[in-house]
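Below is one structure, written out as structure tokens, with a few remarks after it.
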Amino acid sequence: MGLPRRLAIFAALVSAALVLGVTELSLALSERSRLDDIRLEAMAIASTLADYLNRAAPSGDPAALDAALSAWAGLHLRQTSAVVFATDRAGRVTLATRTDSLRPVGLAPEDRAALVRREQVVWQESGARPAWHVSQPLGDRRKVTGLLSLRIDTARLETWARDERRRSYLLATIAAILLAGVIAGLTAMWVGRPLNALGEAMAGAYAGARLAPSAPELGPKEFRALARRYNAMRTALAERERESEARAALLALEERARGLERLALVDEASASFAHEIGTPLNTLNGHFQLLREDLRTRGSEDAARRIDLVLGQVERVAGIVRAWLARGAWPHPAARPVNLREVARRMLDFMEPSLAASGVTATVESESGPPVTAACDPELVEQILLNLIKNANEAVSRGGRVTLRAGRDGRTSWLTISDDGPGMSAEVKQQLFNPFATTKGALGTGLGLTVSRRLARALGGDLTHEPTPAGTRWRLTLPSSEMWG
């Protein structure tokens with residue numbers, strides 16, 4: 001229920017209560033005043049009639065009293081009845097005459113009190129036949145010759161008061177309804193419209209101060225002033241939003257410039273580093289080959305297999321160094337059909353010493369299933385897996401697990417790397433794939449994920465983070481060998 005309607009109902013109730021209360025009080029006072037007037041009139045009539053009866057029948061003769069009362073009643077009595085009692089020398093009271101044959105005859109306690117005190121007694125009768133009664137002794141204070149009992153009916157007064165109340169209540173109700181309608185209309189015009197317009201303007205501010213509509217200046221001056229203050233506040237907030245966005249854009253540019261500067265320094269340092277380690281790598285490659293031949297000659301096949309793993313990684317790193325020295329970039333992908341499970345298993349074998357030292361168990365799921373092949377460069381895939389497995393090994397605690405799983409969706413092959421570690425916070429997730437963003441402090445460079453996603457996209461796929469209830473899961477997607485074929 002809106003404010004105008006609530007105010008209208010409240011005004012109707014208050015006005016009805018006030019009008020009815022004032023009407024009831026006025027009618028009560030008027031009725032009381034008329035009753036007092038009738039009481040005074042009854043006392044005056046009783047005194048006048050008693051004087052007349054005393055003159056007409058000074059001795060209290062019943063026949064004289066009857067004749068005098070009959071003559072008086074025909075001239076003066078309206079809604080009035082009178083009973084005259086006569087007293088004898090023994091003090092007995094008898095009915096002398098009366099004007100209303102239907103009125104009960106008998107002395108009331110007030111009549112007896114008037115005879116005893118020899119003075120006028122006035123009393124009010126209520127009930128079905130309300131009236132004022134006046135008991136007036138006849139004669140004088142030395143000798144009482146009779147008693148006049150006068151009754152003036154007030155039923156018409158009560159009927160009038162009841163009719164007046166009914167009319168007044170009806171008029172009060174109509175006045176309250178009209179007043180409520182006027183107040184509702186004025187409230188809707190002076191309060192409802194300005195408030196609704198201001199509310200709609202404020203509701204539009206959720207999209208931002210610049211997009212929020214201005215509030216129209218409607219209604220009384222107080223609401224217009226409120227709308228002006230809101231519009232001024234909206235303008236100030238919009239200006240601050242523009243300043244904040246400009247400041248944020250400037251900070252972003254500065255951060256990007258610092259990142260580019262650091263990348264330039266990294267490129268320069270990596271070029272120098274590649275130049276310096278190129279020759280030692282080639283020398284290590286030759287020594288490892290001789291060591292492998294010696295081990296096989298002596299029948300140490302397990303040791304020779306481990307040397308093969310090391311040689312494969314040395315060759316991969318040497319290829320990266322040669323490409324960086326030649327082109328200043330990673331080697332150009334040489335795509336061919338590759339079994340992703342074999343690549344994953346080979347990298348777990350290579351990382352076995354680090355995993356064992358950390359007490360972490362790493363497995364490839366569904367190795368017995370059909371092969372999952374992708375069109376990719378296995379050396380670049382190994383580099384991606386090396387970064388992801390290394391991160392997972394450092395994230396989980398001793399006794400944790402790292403799981404690699406391969407599959408295919410249509411013409412896309414995928415490989416997931418999952419761990420049961422503590423996962424990542426919301427702040428860390430916002431910085432994923434940003435260069436130099438790391439949680440390892442001085443032990444991390446913040447380039448592993450950035451380089452890994454860049455390599456995945458160079459292979460025609462992508463590297464993404466998948467939300468999980470616990471731990472962390474990465475998804476590497478690559479074109480399937482069918483698409484490549």
- Task: Would you kindly derive the ³J(HN,Hα) couplings of the range 246-256 from the backbone phi angles with the Karplus curve 6.51 cos²θ - 1.76 cosθ + 1.60 (θ = phi - 60°), listing them in order in whole Hz, with x for Gly and Pro?
- Result: 5, 5, 5, 5, 5, 5, 5, 5, 5, 5, 5
- Task: Among Ala64, Ala11, Ser81, flag the residue with its Cα farthest along the positive direction of the charge dipole of the range 3-162, charges on Cβ as +1 for Lys/Arg and -1 for Asp/Glu.
- Result: Ala11
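What do the square roots of 5 times the Cα gyration tensor eigenvalues come to for the range 180-234, in whole Å, largest first, as semi-axes of the equivalent ellipsoid?
Values: eigenvalues 120, 27, 6 Å².
Working from the Cα gyration tensor, I get semi-axes of 24, 12, 5 Å.
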- Query: Across every pair of different alpha-carbon atoms, what Kirkwood hydrodynamic radius in Å does the range 3-162 reach?
  - Reply: 17.7
- Considering the zone a paramagnetic label at Ala175 would reach in this model (a point 7 Å from Cα along the Cα-to-Cβ line), which residues of the range 144-166 have amide N under 20 Å from it? 161-166
- Query: Using θ = phi - 60° and the Karplus curve 6.51 cos²θ - 1.76 cosθ + 1.60, what whole-Hz ³J(HN,Hα) does each residue of the range 405-422 get, with Gly and Pro shown as x?
  - Reply: 9, 10, x, 9, 10, x, 9, 10, 9, 9, 9, 10, 10, 10, 9, 9, x, x
- Query: Hey, if you drop one equal point scatterer on each alpha-carbon of the range 333-484 and run the Debye formula without solvent, what base-10 log of I(q)/I(0) do you get at q = 0.18 Å⁻¹?
  - Reply: -1.09
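None of the figures in this text is laboratory data; all of them are computed from the coordinates on show. From a predicted model like this one, the values you see are computed outputs, not experimental measurements. Virtual Cβ from ideal backbone geometry, glycine too; neighbours counted across all protein chains shown.
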